[in-house]
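As structure tokens, the structure follows; a few thoughts come after it.
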Amino acid sequence: MTTQVSKHNSGLQSARREKKDEFYTQLEDIEREMRHHKAHFKDKTVLCNCDDPRVSNFFHYFAYNFEHLGLKRLITTCYKSQSSDLFSENSAESAIYLEYLGDKNGNRVPDVEEIGVKQLNGDGDFRSPECIELLKQADIVVTNPPFSLFRDYITQLIEFDKKFLIVGNVNSVTYLEVFNEIRSDRMWIGPSIRSGDREFGVPDDYPLDASGTRVDEHGNKFIRVKGVRWFTNLDFEERYEDLTLHKKYKADEYPKYDNFDAIDVGKVKDIPVDYDGLMGVPITFLDKYNPKQFRIIGSFNNGQHGAELGAKKVIAVSQGKELKWNGPVINQKPLFKRVVIQRR
């Protein structure tokens, strides 16, 4: 990450190290994204398997919109450390899952007595056998998985061939498991978040030692996180809109990499409209990627990604130190990760 992003994301980086990444997605962010996907949910079983029902806006959204979306079933699992006082007398040491089958008394509200609370034998971890059994029953998974476990989480969804709409960090696209799905057009970035940061609720014991944090009048804690995106394999019309480009190619404005035969494009808006060769672009290109306009060749980053792309290892100089680098390098200067694309 750049210095600017790291400054705003210090809380997120700390959360990854300490596994304190139980972030609660805001209801308005869920509503904004779901506007593009409602047609996919009719007669479907939805699973939210990383959610505390006391504060889960995913549970709130799908329970209150159950009839509007035409859902068949809603399942929400709760990790054992969470309290379930709103729904039962179970101890906070118990892992539970909630099942909602829709309104029974005609008031169009998910009342407590209409929500089935069932005990789990284990701790409610999404990787546990009993949670995997619930996953098998689901048609679509919608949640905000722990950022520190995003790689494991997405791998599981791929393994069980599930439809999904989940929140993650944009840098997750550089994980091979994630990038291979994007390159193969089996996963893409959702349309409602393109830039900027997003606010998440955090547990009471979360340390507010980063910029962009606040406590509301009720004592609820919030943190703002940069680089947040929706990851999905639910299709939507906007995905096929062409990226509008205006700049013409000039060789002196688009340097080539020292170690790979492609030009570097520092900003997505500067992709040349008339260049047909390989181009390295920022990963934010994926926000506007139309698979009918461009094809993705590979991820250009040091290490395994550079090796898969076929980039040579060259000497790069960073902070006065020489490095052997097969990520993007121009005039011996290593650059931030890129996506290599080509016009169709």
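The values are calculated or read from the model by the stated rules, or taken from the named source; none is laboratory data. Given the structure is predicted, the values throughout are model-derived calculations rather than measurements. Cβ: placed from backbone, ideal geometry, glycine included. Neighbour counts: every protein chain shown. Side chains included, ligands, DNA and RNA excluded: accessible areas come from the protein's heavy atoms. Shrake-Rupley method; radii C 1.70, N 1.55, O 1.52, S 1.80 Å.
Of note:
- Restricting the stretch 34-64 to residues that are assigned to a loop (DSSP other than H, G, I, E, B) and charged (D, E, K, R) leaves a set whose member that is surrounded by the most Cβ atoms within 10 Å (Cβ to Cβ) is 51.
- Residues (assigned to a loop (DSSP other than H, G, I, E, B) and surrounded by 13 or more Cβ atoms within 10 Å (Cβ to Cβ)) located in the stretch 95-118: 95, 101, 102, 103, 110
- Considering the stretch 326-344, the residues that are under 28 Å from the mean Cα position of the chain (by Cα) and open to solvent by 60 Å² or more (accessible area, probe 1.4 Å) include one that is nearest to residue 257 (Cα to Cα), namely 336.
- Residue within the stretch 190-199 that is touching a residue at least 60 places away in the same chain (Cβ under 8 Å) and under 16 Å from residue 339 (Cα atoms) present: no
- Checking residue 87 against (1) modelled with pLDDT under 85; (2) closer than 27 Å to residue 39 by Cβ; (3) in contact with a helix residue (DSSP H, G or I) (Cβ under 7 Å, 6 or more places away or on another chain), the condition it does not meet: (2)
- Enumeration of residues in the stretch 288-313 that are within 10 Å of residue 259 (Cβ to Cβ) and aromatic (Phe, Trp, Tyr): 300
- Sole residue being under 22 Å from residue 38 (Cα atoms), touching a Lys or Arg at 6+ places or on another chain (Cβ under 8 Å), at pLDDT below 95 and not aliphatic (A, V, I, L, M), chosen from 168, 190, 212, 196: 168
- Residue within the stretch 179-190 that is more than 23 Å from residue 309 (Cα to Cα), among the aliphatic types (A, V, I, L, M) and within 24 Å of the chain's Cα centre (by Cα) present: no
- The set of residues from the stretch 171-187 being out of contact with any Lys or Arg (no Cβ under 8 Å at 6 or more places or on another chain), of a type outside the set (D, E, K, R), surrounded by fewer than 19 Cβ atoms within 10 Å (Cβ to Cβ) and without any contact (Cβ under 8 Å) to a residue 60 or more places away in the chain comprises 180, 184.
- Qualifying residue in the stretch 213-226 (condition: crowded, with 21+ Cβ neighbours inside 10 Å and either more than 18 Å from residue 173 (Cβ to Cβ) or touching a helix residue (DSSP H, G or I) at 6+ places or on another chain (Cβ under 9 Å) (or both)): yes
- Tally, over the stretch 238-284, of residues that are free of Cβ contacts under 8 Å to residues at least 24 places away in the same chain and open to solvent by 20 Å² or more (accessible area, probe 1.4 Å): 9
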